[in-house]
Amino acid sequence: MVVEVPVAVVEQRVSNLVQGSLCLVLLTGPFQHVLGLIPRGVLAGLFFAMGVEGVLENGVTAKFLYLIQDRNLVPDTEPLRKVRNSRIILFLAIELIGFGATFAITQTIAAIGFPIIILLLIPVRTSIIPKLPFTPEELRILDQPTASAFTMRSVGGTM
C-alpha cells in the first residue's frame, strides 16, 4: 500500500476560462433559441429553489431568526449568544441599508452602476463600522466570511 502525500498545490485558471467561455457561447443566437424552448415553469421552479436555499443560508436571515427565537431554543454553542441584541440589531440595520441601496439602484436606469454601490460597501466595512460601538470579537461573529473555508483555501485566503 502506497501512501501519497501532497507536496504542493498548483493554481490553474483553466476552469474559470472554460466557465466564462461556455457563458459566452450560451449567449449566442442558436443557444438562445434552445434556452427559449425550456418551459418557464421549469426555470421558475429552479430559481425558486435556488432562492429558498440562498435565504436559508443567508447571514442576514440567521441574525433575524436569532432575534425572534425563544432563547431557550437557541443552542448554547450559538456564537450570536456572545453579542448583545442591540449590536445585532445595529449590524442588521447596516446590512439592510446596504441591501436596500443595492436593490434600489437596480430598479432605476442607473442599474448598471450597482457594482459601484457594492464597492462602496468595502470602505463602509473597513473604515466606518469599526468606529461604531462594536468590539473586535462582536465584529468577528457578526461579519463572518461569506465563502466557505474550502473556497477561501482554494483562492489562497484564510479564515
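Quick note: the coordinates plus some simple rules give every number you see, no bench work behind them. No experiment lies behind these values; they were computed from the predicted model shown. Cβ placement follows ideal geometry from the backbone for every residue including glycine, while neighbour counts extend to all protein chains displayed.
Values as computed for the structure displayed
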| item | result |
| --- | --- |
| Three principal axis lengths of the stretch 30-159 [C-alpha, angstrom, descending] | 55, 36, 33 |
| Tilt relative to the chain, helix 85-106 - C-alpha long axis, 0 to 90 degrees, to 10 | 30 degrees |
| The stretch 64-85 versus the stretch 90-119: alpha-carbon centroid distance in Å | 28 Å |
| Theoretical gain in end-to-end length, Leu67 to Ile122 [0.36 nm per residue, Cα-Cα removed] | 17.2 nm |
| Angle in degrees between helix 114-123 and the longest Cα principal axis of the chain, rounded to the nearest 10 | 40 degrees |
| For the chain, calculated [θ]222 nm from helices alone, where every DSSP H run of n ≥ 4 adds -39500 (n - 2.57) | -18000 deg cm²/dmol |
| Distance (nanometres) between label positions extended 7 Å along Cα→Cβ at Thr28 and Met50 | 2.3 nm |
| Among Arg81, Arg140, Arg40: highest mean-square fluctuation, GNM of the chain, C-alpha pairs under 10 Å | Arg40 |
| Per-pair calculated FRET efficiency, R0 = 22 Å: Thr146 and Thr77 via Cβ, rounded to 0.05 | 0.55 |
| Choice from Leu24, Leu56, Leu132 showing the highest fluctuation, given a GNM over the chain with Cα pairs closer than 10 Å | Leu24 |
| Listed residues Phe48, Phe91, Phe64, most fluctuating in the chain (Gaussian network, C-alpha, under 10 Å) | Phe48 |
| Approximate spin-label separation Ala111-Leu132, in nm, with each point projected 7 Å along Cα-to-Cβ | 2.9 nm |
| Relative contact order of the stretch 1-122, defined on C-alpha pairs under 8 angstrom at six or more residues apart (%) | 12 percent |
| Full-stretch length increase - Ala101, Leu17 - with 0.36 nm per residue and alpha-carbon distance subtracted | 27.1 nm |
